[in-house]
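Below: the structure, in structure tokens.
The values are calculated or read from the model by the stated rules, or taken from the named source; none is laboratory data. Please read all numbers here as calculations on a predicted model, not as lab measurements. Because the Cβ atoms are built from the backbone with ideal geometry, glycine has one as well, and the counts that use them run over all protein chains shown.
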């Protein structure tokens, strides 16, 4: 019997959850349950840098559509309006 798209998605999510470091599982679960767009962004960035939070600041994927929105950035003082 062929699996439905939803069944395949659930299986893919479970497989991915099995390899995600424990501190980030909650973020991923929020993201895939559509409870938080911010969590989805964090999860995508974290996954891209192999779950190394500190690497998000150093992201070199300048062409990534999420680059400007990535979490854990330092706010540049020159860009803050006073």
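Every test in (1) part of a helix (DSSP H, G or I); (2) surrounded by 12 or more Cβ atoms within 10 Å (Cβ to Cβ); (3) at pLDDT below 95 is passed by residue 44 save one, and that test is (3). In this structure, residue 17 qualifies as without any contact (Cβ under 8 Å) to a residue 40 or more places away in the chain and over 10 Å from the mean Cα position of the chain (by Cα).
Every residue, every condition in (1) at pLDDT 90 or above; (2) surrounded by 11 or more Cβ atoms within 10 Å (Cβ to Cβ); (3) in contact with a strand residue (DSSP E or B) (Cβ under 7 Å, 6 or more places away or on another chain); (4) not in a helix (DSSP H, G or I), yes or no:
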{"position": "19", "(1), (2), (3), (4)": "yes, no, no, yes"}
{"position": "34", "(1), (2), (3), (4)": "yes, no, no, yes"}
{"position": "38", "(1), (2), (3), (4)": "yes, yes, no, no"}
{"position": "54", "(1), (2), (3), (4)": "no, no, no, no"}
{"position": "73", "(1), (2), (3), (4)": "no, yes, no, yes"}
